[in-house]
Each structure stands twice: as C-alpha cells, then as structure tokens.
Amino acid sequence: MIVLGIESTAHTFGAGIMDGQGNALANVKDSYVTKKGGMIPARAAQHHVEVCGDVIRRAMETARLRWKDIDAIAFSQGPGIGHSLRIGAMMTRSLASRLGLPLVGVNHCIAHLEIGRVMTRAKDPVLLYVSGANTQIIAYEGKKYRIFGETLDIGVGNLLDSFARTLGLGFPGGPKIAELASKGKTYIKIPYAVKGMDVSFGGINTFLKNMIREGKHTKEDLCYSLQETIFAMLLEVSERAMAHCGKNELVLGGGVACNTRLQEMAGQMCRERGARMYVPENQYLTDNGAMIAWLGLLQYKAGNRTSIEESVTLPYQRTDDVEVTWRN
Ligand code: AMP
Ligand code: MG
C-alpha cells in the first residue's frame, strides 16, 4: 500500500510518499526562511500557498507514481500554527475529494516518533523531540504516547531562533548558533532550568538578551554556553524518563536534533547507561511529509479514517490525546 503525506504545521510545506515496507519513495519539502527577523505566520502560510502544488508534483515525479497508485492521503492535523495548518488541510481535502481517496489526519509529534522508529529500527524508544515550537520527551505506555517531560514555555528551537534574532541573524537560527558555538572557548554560567521532569527556556532567553546588551562576553562564548546548558537540561530529563520507563533506546527527532553537539551528548549519556541512541537522517528530523505519510499508513492499516467533516485543523492537539491503535 502507498500513502501520500502532507506536512504544513509551521515553516515547512512537505509532501512524502511511503510504501508499506517503510521505504520513503519521495520526501520533498520547501521551507519558509528569512534573511533577517523571525517567522511571520501569515507569510509562512502564503509561502505554502505558493509552493504546495509544485512540492506535491515533485513528490509524485520522484516516486514515479500516478494518482491511481496512491491508496490514501495523510495530513498533519495538529498541533501547529493555524495559518500554516489550514493550507495543508485544504490541499489534502481538495485532492482527496477530487480523486476519491480516503483521508487520514495525523498528529505531528507522533509522526516524528514513528518515522524515527521505522528509519532507525528502534523498537520501543524514548523520543527526545526538539523542534521550533515543541519540546517533549515521549514514550509509549498503556495505548498512548505519553509526555514524560516538556517545556513549560517556549520550544528549544524558538529559543535558538529568538536568540539568533537578537544577534541579527535570520530564520532558522539553530544552525547559525551551532556554527558560532563551535568557535566558543569559555563557558559562561547560564540559568539551568529543569523543574521536575520539565524544562523552561523563557528565562534563559531574557538572560541572554541582557548579556548581549551588557556586551561583556563574545557571541561565540554565549552560543557555546547556551548549547552546553540547554542540551544538558534536555538530556537530564530524557535520561530520567528512560530510567523511569525502563527503556534502553533513545531516538532523537525534530529540527534541533540536527545539531551534532546534541547528538554527541546524547550518545555519551546512552553509552554511560548501556542504552542505544538513534538519529534518523536530517531530512527525517526536520519537518517532512514522509513522516506524515508513514503515520498515516500505520493508522490506515489499523482502520483509522478521517471524514471531510472531521478534517478540521487541531492547532492545540496533544500527543497524549491520540489513542495508539497501531501498536500492540
Ligand atoms: P522543525 O520544526 O522540527 O523543522 O525544527 C525547526 C527548528 O530546528 C528551528 O528552530 C531551527 O532553528 C532548528 N534547527 C535546524 N537545524 C539545526 C541545527 N543544526 N542545530 C540546532 N537547531 C537547528
Ligand atoms: Mg516538528
């Protein structure tokens, strides 16, 4: 069976095609970027309107398929930015009704976890999901993907993007911060905000802005110290979730997981506790259509369908709202 997946929760419009064996036949995306300043939701949505037709056509061409080969269309129903979500949902509804194909709405965060599982062959991992708006530590327990820890305010990617903006860099800021961090030499103490199983990044953001205003430290040292601190926070909570759930696999997901220093620190933590760390390729870490297609395929096989009436966007949907029907 073959499923087309449409991703449009935030800055990326993606179209991916997966087969029933877990092969990605296509994974095409086009992301909204800026040279200076952050992401404006209405502009991101306008970007999606402009590229959506072309991205889907390129995915079909890459996979060398015709519409009659597609069995179902999946789309990311939530969580995400309303403006962006609406474009993917509208495109999916039009395609599904025009072609008479079944439709499956999927949860974006769970899609990150399932693509990580199929691409790395991890069986029952804890997922450290670190993206722009989302920061969650997720694991399967009792028919649901439960959140064992999460950010109490902004996502870790938002922190990186916001600090990059303070430094006059454009969006996305994560890769630019990583580059500056690699040139840092001195560790500056930054607030370490782990609260129980949760993390908080809002105060760190303010702290950094003040540091820049005072001008006492180089931006390289600040970026270096920032990365060391926030990655340690994320891995402390991930490790505790692994210990609590008795799971010995960690999968990384989300755009921030492209960061090689985070990967290195996660690998070290896992080695020290005799666990394994898995990182899918970058194209499956950042938002992508293949992960939506794959979760759609799993749900479709489990009998899940979304009617046109039910296909509304769910900007605030939570990972643990979804009943996991496709795992036993
Ligand atoms: P996503 O929403 O999952 O596509 O992730 C987007 C976020 O990932 C943005 O906040 C980016 O700044 C961040 N990001 C992308 N590449 C990197 C990187 N190499 N290091 C850190 N953050 C990154
Ligand atoms: Mg994401």
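A compact table of results
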quantity	calculated
Heavy-atom accessible area per residue - region 1-79, 1.4 Å, Å²	43 Å²
Rg/Rh (Cα only; Kirkwood hydrodynamic radius) as it applies to the chain	0.97
Percent carbon-and-sulfur accessible area, region 124-281, ignoring ligands, DNA and RNA, probe 1.4 Å	49 percent
The chain: relative contact order in percent, alpha carbon pairs under 8 Å with at least 6 residues between	27 percent
Reach of Lys35 by Cα under 18 Å, taken over lysines that are not fewer than 8 positions away in the same chain	Lys176
Net charge, Leu25 excluded, C-beta distance under 10 Å - Lys, Arg +1, Asp, Glu -1	-1
Derived scalar couplings ³J(HN,Hα) [region 76-93; Karplus, 6.51 cos²θ - 1.76 cosθ + 1.60; whole Hz; x for Gly, Pro]	7, 8, x, x, x, 7, x, 4, 6, 4, 4, 5, x, 5, 5, 4, 5, 4
Heavy-atom accessible area per residue - region 124-281, 1.4 Å, Å²	42 Å²
Too-long pairs where the Cα-Cα distance tops 29 Å, listed order kept, from Lys29/Lys183; Lys209/Lys247; Lys36/Lys144; Lys144/Lys301	Lys29/Lys183; Lys209/Lys247; Lys36/Lys144
Among Val194, Ile87, Met39 the positive-end extreme of the charge dipole of the chain (Cβ point charges)	Met39
For region 186-202, Karplus couplings with θ = phi - 60° (6.51, -1.76, 1.60), whole Hz, Gly/Pro x	10, 7, 9, 5, 10, x, 9, 10, 9, 10, x, 9, 10, 10, 9, 10, x
Local net charge near Ser200, Cβ-Cβ under 15 Å (Lys/Arg +1, Asp/Glu -1)	-3
Interchain or long-range residues, amide H under 5 Å from Val199's placed H	Glu150, Thr151, Leu152
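The values are calculated or read from the model by the stated rules, or taken from the named source; none is laboratory data. Computed from a predicted model, the values in this text were never measured in an experiment. Every residue, glycine as well, gets a Cβ built from its backbone with ideal geometry; the counts of neighbours run over all protein chains shown. All accessible areas refer to the heavy atoms of the entire protein, side chains included, with ligands and DNA or RNA removed. Shrake-Rupley method; radii C 1.70, N 1.55, O 1.52, S 1.80 Å.
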